[in-house]
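The values are calculated or read from the model by the stated rules, or taken from the named source; none is laboratory data. This is a predicted model, so every value here is computed, not measured. Note: ideal-geometry Cβ built from the backbone for every residue, glycine included; neighbour counts use all protein chains shown.
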Amino acid sequence: MKSTKRTSEARKVAVLFVGLMIALCLWSVQESLSAGSSGSTNSKPGANADTGRSIFNGNLCYYCHGMDGDLEKLPQLAPDTAGLIAELNPKPPDLRSRKGLRLQSDKARATIIREGHLGTGMFPDPTMTDQDLKDTLAYLALLRKQGHPSKRIHP
């Protein structure tokens, strides 16, 4: 019984530690990003999907959602971190599949990115600027539009 309780407490501490590490990395990456947002893949006025891609792949979003939103391209992680991510319930959604996404508006997505998603591994990101958020949302829209590369039908 004590062993189970210790394991449960250790898992909670590990999840908290991963969350803190993610928050620190997010802050670090946000500090290093430039404030400018010009580029060729703007899907909305003032938003840059190219910058959003850099934010997504640099802010540890890809730890759970995969590089470029591809769940089959998870990064190499320490075994304990990879184990915690593998045990997430619910599992991180495939950001390239409209069908599997519960959040249907950018407003809802922005709220989850800013405030986190209680009961999941999605931690809040209070360090993201409004421009970073717009750029990330533009990139997520591009992912949904492109779909998953392995599921595209090629002529």
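For segment 97-138, which residues satisfy the criterion of being hydrophobic (A, V, I, L, M, F, W, C) and outside any helix (DSSP H, G or I)?
L101, L103, L118, M122, F123, M128
Only one residue in I153, I85, I55 is hydrophobic (A, V, I, L, M, F, W, C) and modelled with pLDDT of 90 or more, so which one is that?
Going through I153, I85, I55 in turn, just one is hydrophobic (A, V, I, L, M, F, W, C) and modelled with pLDDT of 90 or more: I55.
In segment 136-145, how many residues are surrounded by 15 or more Cβ atoms within 10 Å (Cβ to Cβ), over 17 Å from L71 (Cβ atoms) and either at pLDDT below 90 or in contact with a Phe, Trp or Tyr (Cβ under 9 Å, 6 or more places away or on another chain) (or both)?
The qualifying residues number 1.
What about D94, is it within 14 Å of the chain's Cα centre (by Cα) and either basic (K, R) or in a loop (DSSP other than H, G, I, E, B) (or both)?
Details: within 14 Å of the chain's Cα centre (by Cα): yes; either basic (K, R) or in a loop (DSSP other than H, G, I, E, B) (or both): yes.
For D94, the condition - within 14 Å of the chain's Cα centre (by Cα) and either basic (K, R) or in a loop (DSSP other than H, G, I, E, B) (or both) - is met.
Please verify whether K73 is at pLDDT 60 or above, in contact with a Gly (Cβ under 8 Å, 6 or more places away or on another chain) and assigned to a loop (DSSP other than H, G, I, E, B), treating the condition exactly as stated.
Values: at pLDDT 60 or above: yes; in contact with a Gly (Cβ under 8 Å, 6 or more places away or on another chain): yes; assigned to a loop (DSSP other than H, G, I, E, B): yes.
For K73, the condition - at pLDDT 60 or above, in contact with a Gly (Cβ under 8 Å, 6 or more places away or on another chain) and assigned to a loop (DSSP other than H, G, I, E, B) - is met.
Identify the residue in segment 94-103 that is surrounded by fewer than 17 Cβ atoms within 10 Å (Cβ to Cβ), in contact with a helix residue (DSSP H, G or I) (Cβ under 9 Å, 6 or more places away or on another chain) and of a type outside the set (K, R) and, among all such residues, is farthest from L74 (Cα to Cα). Outline the logic, then answer.
At the first step, the residues of segment 94-103 found to be surrounded by fewer than 17 Cβ atoms within 10 Å (Cβ to Cβ) are 97-103.
Okay, now just the ones that are also in contact with a helix residue (DSSP H, G or I) (Cβ under 9 Å, 6 or more places away or on another chain), so 97-98, 101-103.
In the following step, the residues that additionally are of a type outside the set (K, R) were identified as 97, 101, 103.
Numbers: S97: 17, L101: 19, L103: 22 Å.
Filtering first and then ranking leaves L103.
If you go through segment 107-126 one residue at a time, how many are under 19 Å from A49 (Cα atoms) and either of a type in the set (G, A, S) or surrounded by fewer than 18 Cβ atoms within 10 Å (Cβ to Cβ) (or both)?
Looking only at that region, the number is 6.
Sort out which residues of segment 70-93 are out of contact with any helix residue (DSSP H, G or I) (no Cβ under 7 Å at 6 or more places or on another chain) and among the basic types (K, R), and write them in order of number.
The answer is K91, and nothing else.
If you go through segment 97-127, how many residues are hydrophobic (A, V, I, L, M, F, W, C) and over 12 Å from the mean Cα position of the chain (by Cα)?
Initially, segment 97-127 is screened for residues hydrophobic (A, V, I, L, M, F, W, C), giving 101, 103, 108, 110, 112-113, 118, 122-123.
Among the residues that remain, those that are also over 12 Å from the mean Cα position of the chain (by Cα) are: 101, 103, 108, 118.
Adding up the residues that qualify gives 4.
Just need a number here: residues in segment 56-69 that are touching a helix residue (DSSP H, G or I) at 6+ places or on another chain (Cβ under 8 Å) and outside any helix (DSSP H, G or I).
Residues meeting the conditions: 2.
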